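Participant: Handing you a structure now.
The values are calculated or read from the model by the stated rules, or taken from the named source; none is laboratory data. Since we're looking at a predicted model, the values are computed, not measured. As a convention, Cβ positions derive from the backbone with ideal geometry for all residues, glycine included, and neighbour counts pool all protein chains shown.
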Amino acid sequence: MNYKELIKQFKSGDIKPVYFLHGDEPYYMDKVTRYVEENVLSESERSFNQMIFYGKESDHKTIIDAASRYPMMAPRQVLILKEAQEMRTIGNLLPYVKNPVATTLLLIVYKHKKLDKRTSFGKGITKHAVTFESKKLYDNKVAAWVNTYVKDHKATIDPKASQLIADYLGTNLSKVSNELDKLLLNVDKSVTIGSTEVEKYIGISKDYNVFELQKALGNREVLKANRIINYFISNPKKNPLVVVISTLYNFFSKVYQAHFLKGISDDALALNLKIGSVYFVKDYKLAARNYPLPKTEEVLHLLREYDLRSKGLNNNSVGPGELMKELIFKILH
């Protein structure tokens, strides 16, 4: 069951006695929890019929005793067990899960890890509860997720802007959604959101960002690459070396793969390289022409070397700014 199906079930009133949320992406678990807290019971019903527990402070006996009670002047009661992964005796909830009280909704929120379905507890939960796994989004899927989020809010965004957000904010969906909410609150939804709006309302420079740096490197634009690097050095907190190296390594890894995928369609290349949009395929094809296979291999070696140096290995007190300058010079020459 996915997030939308889960919310649809709650809205329809077809509510089951036990729900178990787990996985390494807290964003959707937080959304489900918030929906249950605010919508399953009316405001007047919550006073006597809604309780929130935390795994570190609770044990199975407390949860079972509370879940076994009957609601007061309401069709059901709601119990939410947050941070359930911290509860030492969580396995002892299984007898209740197998035989729950029909008028209790028990929502178990098991964050930052996946339920081990090989254990007796995992097997029992899978069989007797509604389970929802919230999976971490892969890097190459974030831009598409941004597009969908914006579309769901009745707005549109161009591919370059969504990729810019994905590159800078990463896979933390809570952080991405917070920044998108701020953006959507300020833009005219009749106009397609572009890099200018992203810079103005999120603070990501449309001209001086790692996305533009990788494009400048791919095009072998020496002056543009150096301008961006100088900006990065002046704004180290916004553009840490470790993030720059990681992003460039991801880019040149795909350029390396592109050397072995010549002759296929752009759609097929985007699929093989796991690029969020076919719109960006041209950048990788051009970079593959500008960086022959031996040079691409050299660049990947340089990025690994400077990643280690940025972490203090074989580095004689050279600062991150100088390391960045050295790295970009060696990539371009």
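Participant: Within the range 289-296, identify whether any single residue is under 16 Å from Phe329 (Cα atoms) and crowded, with 18+ Cβ neighbours inside 10 Å, and answer yes or no. If you could, list the steps in order and put the result at the bottom.
Facilitator: Of the residues in the range 289-296, the ones under 16 Å from Phe329 (Cα atoms) are 290-291, 295-296.
Next cut, crowded, with 18+ Cβ neighbours inside 10 Å only: 291, 296.
Within the range 289-296, one or more residues are under 16 Å from Phe329 (Cα atoms) and crowded, with 18+ Cβ neighbours inside 10 Å.
Participant: Can I ask one more? Would the range 249-264 turn up any residue that is among the basic types (Lys, Arg), surrounded by fewer than 19 Cβ atoms within 10 Å (Cβ to Cβ) and in contact (Cβ under 8 Å) with a residue 40 or more places away in the chain?
Facilitator: No, the range 249-264 contains no residue that is among the basic types (Lys, Arg), surrounded by fewer than 19 Cβ atoms within 10 Å (Cβ to Cβ) and in contact (Cβ under 8 Å) with a residue 40 or more places away in the chain.
Participant: Of these, Ala166, Ala216, which one is small (Gly, Ala, Ser), within 30 Å of Gly319 (Cβ to Cβ), outside the structural domain of Ala288 (by TED's automatic domain parsing) and part of a helix (DSSP H, G or I)?
Facilitator: Ala166
Participant: Can you find a residue in the range 7-19 that is touching a helix residue (DSSP H, G or I) at 6+ places or on another chain (Cβ under 7 Å), closer than 16 Å to Lys111 by Cα and in contact (Cβ under 8 Å) with a residue 12 or more places away in the chain?
Facilitator: Scanning the range 7-19 turns up no residue that is touching a helix residue (DSSP H, G or I) at 6+ places or on another chain (Cβ under 7 Å), closer than 16 Å to Lys111 by Cα and in contact (Cβ under 8 Å) with a residue 12 or more places away in the chain.
Participant: Give the number of residues within the range 289-330 that are among the hydrophobic types (A, V, I, L, M, F, W, C), more than 30 Å from the chain's Cα centre (by Cα) and not in a loop (DSSP other than H, G, I, E, B).
Facilitator: Residues flagged as among the hydrophobic types (A, V, I, L, M, F, W, C), more than 30 Å from the chain's Cα centre (by Cα) and not in a loop (DSSP other than H, G, I, E, B) within the range 289-330 amount to 2.
Participant: Could you check the range 196-213 and list, in sequence order, the residues that are more than 12 Å from Ile331 (Cβ to Cβ) and either touching a residue at least 60 places away in the same chain (Cβ under 8 Å) or not in a loop (DSSP other than H, G, I, E, B) (or both)? Full working, then the answer.
Facilitator: Here is the first cut: in the range 196-213, the residues more than 12 Å from Ile331 (Cβ to Cβ) are 196-212.
Thr196, Glu197, Val198, Glu199, Lys200, Tyr201, Ile202, Val210, Phe211, Glu212, listed by residue number.
Participant: Among the residues in the range 25-48, are any touching a strand residue (DSSP E or B) at 6+ places or on another chain (Cβ under 9 Å), surrounded by 18 or more Cβ atoms within 10 Å (Cβ to Cβ) and assigned to a strand (DSSP E or B)?
Facilitator: no
Residue-wise test of (1) modelled with pLDDT under 95; (2) touching a Gly at 6+ places or on another chain (Cβ under 8 Å).
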site: Lys82; (1), (2): no, yes
site: Lys98; (1), (2): no, yes
site: Ile108; (1), (2): no, no
site: Asp116; (1), (2): yes, yes
site: Ile125; (1), (2): no, no
site: Val130; (1), (2): no, no
site: Lys136; (1), (2): yes, yes
site: Asp158; (1), (2): yes, yes
site: Tyr168; (1), (2): yes, no
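Participant: Filter the range 170-211 down to the residues that are among the acidic types (Asp, Glu), at pLDDT 90 or above and either over 30 Å from Lys135 (Cβ atoms) or surrounded by fewer than 16 Cβ atoms within 10 Å (Cβ to Cβ) (or both) and list them by number.
Facilitator: Asp181, Asp188
Participant: Yes or no: Asn147 under 30 Å from Tyr19 (Cβ atoms), modelled with pLDDT of 90 or more and in contact with a Pro (Cβ under 9 Å, 6 or more places away or on another chain)? If you could, list the steps in order and put the result at the bottom.
Facilitator: Details: under 30 Å from Tyr19 (Cβ atoms): yes; modelled with pLDDT of 90 or more: yes; in contact with a Pro (Cβ under 9 Å, 6 or more places away or on another chain): yes.
Yes: the conditions hold for Asn147.
Participant: Looking at (1) in a loop (DSSP other than H, G, I, E, B); (2) farther than 30 Å from Arg69 by Cα; (3) small (Gly, Ala, Ser), find the lone condition where Ala143 falls short.
Facilitator: (1)
Participant: Right, here's the next one. Quick check on my filter: what residues within the range 53-68 are exposed (fewer than 14 other Cβ atoms within 10 Å of the Cβ) and not in a loop (DSSP other than H, G, I, E, B)?
Facilitator: Selection gives Lys56, Glu57, Lys61, Asp65.
Participant: Considering only the range 215-242, state which residues are touching a helix residue (DSSP H, G or I) at 6+ places or on another chain (Cβ under 7 Å) and without any contact (Cβ under 8 Å) to a residue 40 or more places away in the chain.
Facilitator: Hits for the range 215-242 are Ala216, Lys224, Ile228, Asn239.
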